[in-house]
Amino acid sequence: MEIHVLDAMAREGFEQVIALHDRDSGLRAFLGLHDTSVGPAFGGIRRWHYRDEREALRDCLRLAAAMSHKTVLADLPAGGGKLVALELPGVDWEKGYAYLGREVERLGGRFYTGPDVGTGERELAWIAGETGFVTRPDASGPGELPEATAAGVVAGMEAALCLLDGKSDWSRRKVVVQGLGGVGERVARALVHAGAQVLGSDIDGNRAERVAEELGIELLDPSHELDVECDIFSPCALGGIVHDLSLARLRCRIIVGAANNILARPEHGDRLHERGILFVPDVIVNAGALIRGAIFHLEGRREPVRLIGERVGSAVHAVLERAVQEGRPPARVATLEAEERLTRRRREKE
Ligand code: NAI
């Protein structure tokens, strides 16, 4: 399928898309700046095996626009961007990331970058050698990101339970956490402390065993999480978990998780709504890391994790309230709310 870059940019309201090729390292990448109307764009670096460059460009546009939704819903004076690097044979990645660091530096603070799929602590350190416009993973950075994300997820769960039942009442709740990695383990730990019954799963058997033993939670076979009757199903592994086939299996009342794009397609949020399952949009609930990084860069301070949780909790509350008032699926309301706010702030800027 063809992609007309300028048409796609105009359709999605993009400001700038930069195609990058580094002669020295062989790196190829796209940098998309979706919105910097009220502040710098934030977005991590995704490094992925794309079929071709069109697929990479499309992903860059999709992810950068999604970051604008995330920043505006988190009420940050910032916008969305993304760097997408093509996983190709023969690239010298250390040089490649250093090159990306110089390109980010050249933007002079219009774009701040950080981790994403394929870009971890090692790669961030390579970038940090060239620019300060990056979220550093060490003690000089904003603090732990998974901790901030987990605080938002738990706050989102509380907001959902309060909406349905008027209180969180953790000692009577059963929660299934899929993926016991950086975020999932912390979510499970917080829920155990709050008194909930927690069941967890992870395809990494050693990790699953260690976390289960430490927290005293029951382990589920990966792929059986969907079949368990529970109050909350929390996808903290991969996106796209709610799709045509999985929908009918779900036996939870609420879905709240850290994974990006939990719904395979927007229509799946409508199906959940029809089934009476409350879906808390991940674009709001997993913004804890972004909030932590953005406040650090923009205000030069480290936001306490408790305040990050409260901020995400009230953002979730506002969108769920609107969804109830308008009788619409929360994921649709989140998209609408984000687009309305983006339009409003661009208009105010004019
Ligand atoms: P992670 O890589 O530390 O943990 C993910 C865990 O899920 C791993 O232990 C992995 O073995 C497990 N897993 C993978 N596929 C699975 C499956 N099918 N069933 C069960 N377990 C499976 O990642 P992290 O940082 O905990 O993030 C979790 C999710 O949240 C990811 O999708 C990430 O993109 C998203 N996210 C994370 C943020 C952060 O601050 N770390 C911020 C926003 C989103």
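The values are calculated or read from the model by the stated rules, or taken from the named source; none is laboratory data. Just so it is clear, the structure is predicted and the values come from calculations on it, not from any experiment. When we count neighbours, we look across all protein chains shown, and the Cβ atoms used for this are built from the backbone with ideal geometry, even at glycine.
Each row is one residue, and each column tells you yes or no for (1) touching a residue at least 24 places away in the same chain (Cβ under 8 Å); (2) part of a strand (DSSP E or B); (3) under 17 Å from the mean Cα position of the chain (by Cα).
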residue	(1), (2), (3)
TYR97	yes, no, no
GLY101	yes, no, no
VAL104	yes, no, no
TRP126	yes, no, no
GLU130	yes, no, no
SER140	no, no, no
ALA148	yes, no, yes
GLY152	yes, no, yes
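At least 3 residues that are within 13 Å of the ligand (Cβ to nearest atom) and without any contact (Cβ under 8 Å) to a residue 12 or more places away in the chain in each: list the helices (runs of 4 or more DSSP H) lying fully within the stretch 189-307 that qualify. It would help to see each step written out before you state the result.
Numbers: elements: 205-215, 244-247, 266-275, 282-285, 288-299.
Correct list: 205-215.
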Sole exception among (1) loosely packed, with under 15 Cβ neighbours inside 10 Å; (2) over 19 Å from THR149 (Cβ atoms) for CYS162, by number
(1)
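Pick from ALA208, ALA148: which is modelled with pLDDT of 95 or more, surrounded by 19 or more Cβ atoms within 10 Å (Cβ to Cβ) and closer than 30 Å to GLN325 by Cα?
Details: ALA208 fails: closer than 30 Å to GLN325 by Cα.
Criteria check complete, one pass: ALA148.
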Looking at this structure, is VAL256 among the aliphatic types (A, V, I, L, M) and over 16 Å from LEU320 (Cβ atoms)?
no
Residue list for the stretch 209-257, restricted to those being in contact with a Pro (Cβ under 9 Å, 6 or more places away or on another chain) and under 13 Å from VAL176 (Cα atoms)
GLU225, ALA237, ILE255, VAL256, GLY257
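Outside any helix (DSSP H, G or I), at pLDDT 95 or above, crowded, with 22+ Cβ neighbours inside 10 Å and touching a strand residue (DSSP E or B) at 6+ places or on another chain (Cβ under 8 Å): which single residue out of LEU31, LEU88 fits that description?
Values: LEU88 fails: crowded, with 22+ Cβ neighbours inside 10 Å.
Being outside any helix (DSSP H, G or I), at pLDDT 95 or above, crowded, with 22+ Cβ neighbours inside 10 Å and touching a strand residue (DSSP E or B) at 6+ places or on another chain (Cβ under 8 Å) holds for just one of LEU31, LEU88, which is LEU31.
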Return the residue satisfying two criteria in turn: it lies in the stretch 169-183 and is within 16 Å of the ligand (Cβ to nearest atom) and part of a strand (DSSP E or B), and of such residues it is surrounded by the fewest Cβ atoms within 10 Å (Cβ to Cβ).
GLN178
